[in-house]
Each structure stands twice: as structure tokens, then as C-alpha cells.
1. Given a 10 angstrom Cα cut-off, can you work out which residue in Leu93, Leu226, Leu245 is the most mobile in a GNM of the chain?
2. So, with +1 on the Cβ of K and R and -1 on the Cβ of D and E, and no other charges, what is the size of the charge dipole of the chain about its Cα centre, to the nearest 20 debye?
3. Among all the aspartates and glutamates, which ones have a C-alpha under 14 Å from Lys251's C-alpha, if same-chain residues fewer than 8 places away are not counted?
4. Among Ser294, Ser164, rank each residue by its count of other Cβ atoms within 10 Å, from fewest to most, as a rough exposure measure.
5. Where the centroid of each part is defined by its Cα atoms, how far is the range 124-175 from the range 45-66 in Å?
6. For the range 118-197, just say rounded, prolate or oblate: build the C-alpha gyration tensor, square-root its eigenvalues into a ≥ b ≥ c, call rounded for a/c under 1.5, and beyond that prolate if a/b exceeds b/c, oblate if not.
7. Treating only the Cβ atoms of Lys and Arg (+1) and Asp and Glu (-1) as charged, compute the dipole magnitude of the range 14-80 about its Cα centre; round to the nearest 20 debye.
8. When a footprinting reagent is the concern and you count Cβ atoms within 10 Å, what order do Cys258, Cys287 take, fewest first?
Amino acid sequence: MTQEKQRLEVPEGLNEEYYQINPDILASFSKYRPPLNIFKFKEEVARVTPYYQVGQRLSNEQIEELADLVKEGLIFVSREDHPVYVKHISYQLDLVLVDKNLKESEVADIFVQALTMRLTDFLDQPVQAVFEKLQEDVMVLTQYLWQDIHKIRGLTRRLHREHSLSNHSFNSGIMGLALYAHMNDKAFAAGEIKRRTLDRLAVGMFIHDLGMTKIPIFIRKKDKPLTGDERTKMLQHPKLGYQMLSKLDLKFPEVEQCVLEHHERVDGKGYPQHSEMKDLGKYGRLCAVADAFSAMTAKRPYAPLKDPLTAAGELARDNGFDANATKALQAMVVTQKHWKAMAEDILKEQQQGKG
Ligand SMILES: [Fe+2]
Ligand SMILES: [Fe+2]
């Protein structure tokens, strides 16, 4: 048996241009035809040189050699191939937790791609098998956040602006988690939050609108006012979603509250049950705020989007929402710099659109 060679420590500067590939990442590539150019680090000259080009086919011997080189840490891909790499890794999201060369912004990009894709699949086909894929990826996210809950900030920088059911679901999930993190900062630091709670809350926030999948598409997509019957149908989506939870094995209060209560209002003017503050759960009240904020800050056919500062301000003045949650939301968007930049961006775009 040959002794295992030591893995190359990435020389300084190389990480700026290349990602080092580990065996897990290699295993996720197509074996004979990797999806992107591959480079090899030549120790003699301390330089990276081309090893494989997209379009070629690797022989069995080369595949073996490549696997050995990867083990030694000598194989890299170019950061110029970031879009391919991101797309590829988004299909096997757990790799982001093992790839130490990814920057925080790159990880955030990958989460956006992966979770939006899984949500699209699940909301097209809301069955157990498709849900499991989504759940696996949500668990990768919560594992990532468990290491440092403040990393959620990087994801709130990347919210979708165009409305679709999956974009809205993604945004609501991220906003719900960001708000929860903001409101429970001390409890997280003191280790008082259970991992299980974070996991279930994340799932609940992401799938809060699953009942919409039972509403006919022509009603969901309608850009004119709904008729009485259509509206009655639409207002059932929280209940319809709630009924779907047992088949998905999701009978947890965090998930149930998000799905059933996200359109309830603390003044009793919401739906479907016209519950009041005392009857609503804290996760339901939180989801209501995250959902409303996400709806207001995305472009819809019948309404222009509001910038995050305006939206948070309006919610804070609305008596239908839990004041603790809306105050926290407002504090969050006012104190974190990127929201202001986003607001300025939106205003500029709107002015240009009108001009
Ligand atoms: Fe909804
Ligand atoms: Fe929603």
C-alpha cells in the first residue's frame, strides 16, 4: 500500500482565481464529461495549467488519474466558470458545507438558485417525494445558519424582485428566518433556541402558501379583480394547505401556524378563521409579517413593488400585524445598510421607468 500523499495547501493568491475541487465535488460531476474546464496545479512550476476542456471525453485511465490528483488537492476549476459551478453545486447543495473555498457571497448565490429551484419543483408537484428534496436543501440552509445565524443577512441581499409563487415562497422563507433571527438574537447567542425549532420554522415559512397549488391557475394568475366565487376559492388556500400537511408528515406547530395563520390579522380582520391576537401562535404572526413584506416588495401585474423601507414602515403602522414583529422588521431594514441601497436602487429604476 502506498502512503497517502499530503493534500496540497492552496498557495496564496490561487483562491482568487480558482476553486480547489475535493472528491465530493468531483463525484458530483459527470464522470466522462465534466461540465466545466479543469486545471491542474503543477508543483514544479507553482502554476495552474489546463487539464481538461469541456467537450472532450475522459478515458478510464484519466478518470482514475483525476481522482488521485483531486485527493492530493491539485485540481482546480476557474472562478470564471462560477455560473456553471453554482448551477452544478445547487443540485447537490450539501457540498456548500464542505467546500471551504467558497466565499460567503458565492454560498448565498448557490442557496438562492438551489432553494428557488426546489420550491418551483415542489409547488408544481406538491407530493412527498418532491418535498423531500426541498426539505433536504432547507436542512442544508439551517445547518449553515446554525453555525452563525447572522449569515441570513447575505440571503436577504438576494431576494427576488419579480413575483411568482416560488419566488414569493423563497423571499418569505428568507424574511421569516431573518426576522426570527433578529428578534431572538440574544436567545441564539445564549444557546436557547432549539435546532428543531429553526428547522421546522424554516420549512413552514418556505411552504406557507402550499395551499395555492390547489387554486386553479387562471385564478392565481388573473390580473383583473376576482369575482365573488373566485375570491371565495382563493381565501381557502390556508385551509387547503393545512389539510395537505398530514400527507407530508408535517404536523408541527411551527409549520401549521405558518400555513394556516399567515393571512390572519391580530385585529381579527384576517382569514380564514378571523382569529384574534390571543388565538394566534407566534410563528403564525411572524409568518404574516414575512409574507406581507414579501408580497409588497415584489413586482406584481396589478401593483408596483414598494421599496423595503416604505413597506416596513407601512406594516409598522398597520394594526393588523403583531407590533413586536413589525417593529423588529423596521429596525432591521433601517439599521442594516444593504436595505437602504436596495431602496435607492428601486426608486432609481422606477424614476427611469416613468421618465
Ligand atoms: Fe397566502
Ligand atoms: Fe404568501
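1. For the chain, modelled as a Gaussian network with Cα springs under 10 Å, the answer is Leu226.
2. Result for the chain is approximately 1200 debye, rounded to the nearest 20.
3. Partners within reach: Asp199.
4. Lowest to highest Cβ neighbour count: Ser164, Ser294.
5. 35
6. oblate
7. 260
8. If I rank by nearby Cβ atoms, fewest first, I get Cys287, Cys258.
Where a number appears in this text, it was derived from the coordinates with a stated rule and is not lab data. Note that the structure is predicted; figures quoted are calculated from it, not measured. Backbone-built Cβ (ideal geometry, glycine too); neighbour counts: all protein chains shown.
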